[in-house]
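Here's the structure, in structure tokens; my notes come after.
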Amino acid sequence: MLPRLITDQVGAALARQAAVALIGPRQVGKTTLALEIGNARQALYLDLKNSDDRQRLANPVLFLENVEDRLVILDEIHRLPALFQDLRGIIDKGRRAGKGKGRFLILGSASLDLLRQSGADCPLGLAGRIAYLPLGPFSPLEIEDARPARERLWLRGGFPDSTLAEDDRESLAWRKDFIRTYLERDVPMFGPRIPAITLERLWTMLAHRQGSLLNASELARALEVSTQSVTRYIDLLCDLLLVRRLPPLHANIGKRLVKSPKVYVRDSGIVHALLGLESLEQLAGHPVVGSSWEGFVMENLLGVLPWRTSAFFYRTSAGAEIDLVLEHNDGTRWAIEIKRGLAARVERGFHQACADLRPQRAFVVHAGDDRYPVSEQLEAISLPELMAELQTLD
């Protein structure tokens with residue numbers, strides 16, 4: 001298993017909060033990471049899909065107060081949602097006794113379930129008592145720093161079992177099994193009953209349209225369902241951390257701006273599995289190659305953003321466009337263009353958009369390793385180097 005950069009963040013969060021929620025899609029490595037952290041702290045691990053562990057929490061207050069000096073790891077927390085109410089009382093009692101830090105590490109496979117149960121809008125929730133940390137698939141900063149390794153990560157995606165598979169065929173087989181499991185088991189667990197074949201068709205259509213503007217009406221016609229149903233299905237895929245909506249930037253610049261969000265399937269390996277692409281050679285000859293690379297770069301950059309930085313895209317009806325606009329807490333903007341090639345060439349629309357927004361810094365992320373100035377205002381940079389630079393801002 002490769003090292004996870006988030007390990008230190010979990011430790012820091014446990015040092016300042018009573019509870020830490022580690023959220024991410026299934027099979028991303030949450031349990032492995034939690035057990036590694038727990039072994040160093042002599043933690044108690046409870047897997048709530050296990051009936052014996054659920055039975056131990058038949059009287060949660062009594063049980064958890066008897067282990068108040070140990071970190072308790074609660075895996076599959078969505079299987080016992082009533083537990084959040086008890087955790088609040090246990091945490092508050094511990095705070096009064098001076099034992100209010102690092103009590104619980106909570107693992108969840110969906111943002112919606114954790115947020116609904118423990119968010120500020122829930123009167124019985126853990127608002128002010130819990131820190132949320134996202135755990136995504138492997139990133140370029142967690143693998144060998146070489147272009148062939150990045151290409152393999154792009155093809156296979158970042159889920160550990162897919163990334164570390166013996167070969168591309170085994171990796172693709174794992175991802176197809178992952179998709180089937182989500183459709184037949186996990187989606188019904190978290191959301192309303194949706195026909196698996198309908199959701200698979202939608203997921204595949206989103207992969208074909210990777211990085212395109214969301215047109216729910218067009219998708220609804222193709223699926224022969226209502227526009228509201230498509231919106232609800234995409235909401236669910238977003239809540240399950242499988243799909244991302246990137247909002248447009250609304251700037252007061254007197255231009256007609258695009259108002260629809262862009263939609264990305266978050267893991268590039270899942271994109272390729274949905275489209276049946278096994279090798280880099282097959283991917284290179286497919287129409288999705290450019291938008292797949294854009295989504296791969298986008299997702300990795302968004303994964304290391306400082307928490308007070310917001311992300312958008314910018315597009316006008318006249319064709320001015322920036323793939324990614326970052327607005328930092330100090331009010332500064334970065335403009336980022338993403339190019340699949342090794343040469344950092346940008347289109348006229350990018351320069352027009354920069355003239356509109358006047359960003360403080362502008363980058364073109366390319367597939368190579370070099371960093372160099374393209375012009376006085378624009379710098380070419382590799383994906384790992386821009387990720388590392390973003391991390392220094394936090």
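The residues on offer are Ala367, Ala353, Ala320, Ala380, and the sole one that is among the small types (Gly, Ala, Ser), crowded, with 19+ Cβ neighbours inside 10 Å and within 16 Å of Glu151 (Cα to Cα) is Ala367. Condition (residue is part of a helix (DSSP H, G or I) and out of contact with any Phe, Trp or Tyr (no Cβ under 9 Å at 6 or more places or on another chain)) applied to the stretch 285-295: is it met by at least one residue? Yes, because at least one residue in the stretch 285-295 is part of a helix (DSSP H, G or I) and out of contact with any Phe, Trp or Tyr (no Cβ under 9 Å at 6 or more places or on another chain). On the given criteria, is Leu135 crowded, with 18+ Cβ neighbours inside 10 Å and at pLDDT 95 or above? The answer is no for Leu135.
Of the residues Gly94, Gly128, Gly100, the single one that is modelled with pLDDT under 85, outside any loop (DSSP other than H, G, I, E, B) and assigned by TED's automatic domain parsing to the domain that holds Leu22 is Gly94. The listed residues are Ser217, Ser171, and the only one of them that is among the polar types (S, T, N, Q) and free of Cβ contacts under 8 Å to residues at least 40 places away in the same chain turns out to be Ser217. Evaluate the stretch 186-205: report whether one residue or more is modelled with pLDDT of 90 or more and touching a Gly at 6+ places or on another chain (Cβ under 7 Å). No - not one qualifying residue is present in the stretch 186-205. Once the stretch 77-114 is narrowed to residues that are among the charged types (D, E, K, R), surrounded by 18 or more Cβ atoms within 10 Å (Cβ to Cβ) and within 20 Å of Thr31 (Cβ to Cβ), the residue that is farthest from the chain's Cα centre (by Cα) is Arg103.
Give Pro188, Pro140 a once-over and let me know the one that is surrounded by fewer than 21 Cβ atoms within 10 Å (Cβ to Cβ) and either of a type outside the set (A, V, I, L, M) or under 27 Å from Arg79 (Cβ atoms) (or both).
On the way: Pro140 fails: surrounded by fewer than 21 Cβ atoms within 10 Å (Cβ to Cβ).
Testing whether each residue is surrounded by fewer than 21 Cβ atoms within 10 Å (Cβ to Cβ) and either of a type outside the set (A, V, I, L, M) or under 27 Å from Arg79 (Cβ atoms) (or both) leaves just Pro188.
Is the stretch 179-191 home to any residue that is without any contact (Cβ under 8 Å) to a residue 24 or more places away in the chain, farther than 26 Å from Pro81 by Cα and in the same structural domain as Leu326 (by TED's automatic domain parsing)? No, the conditions are met nowhere in the stretch 179-191.
Scanning the stretch 227-256 for residues that are surrounded by fewer than 21 Cβ atoms within 10 Å (Cβ to Cβ), out of contact with any strand residue (DSSP E or B) (no Cβ under 8 Å at 6 or more places or on another chain) and either among the small types (Gly, Ala, Ser) or not in a loop (DSSP other than H, G, I, E, B) (or both) returns Thr227, Gln228, Ser229, Thr231, Arg232, Asp235, Leu236, Asp239, Gly254.
If you scan the stretch 68-91, which residues turn out to be more than 15 Å from Ile130 (Cβ to Cβ) and at pLDDT 85 or above? Correct list: Glu68, Asp69, Arg70, Asp75, Glu76. Does the stretch 156-168 include one or more residues that are aliphatic (A, V, I, L, M) and in a helix (DSSP H, G or I)? Within the stretch 156-168, not a single residue is aliphatic (A, V, I, L, M) and in a helix (DSSP H, G or I).
Going through (1) surrounded by 15 or more Cβ atoms within 10 Å (Cβ to Cβ); (2) among the hydroxyl-bearing types (Ser, Thr, Tyr); (3) in contact with a Pro (Cβ under 8 Å, 6 or more places away or on another chain) one by one, Ser260 falls short only on (1).
The values are calculated or read from the model by the stated rules, or taken from the named source; none is laboratory data. Everything numeric here is computed off the predicted structure, so don't read it as measured data. Note: ideal-geometry Cβ built from the backbone for every residue, glycine included; neighbour counts use all protein chains shown.
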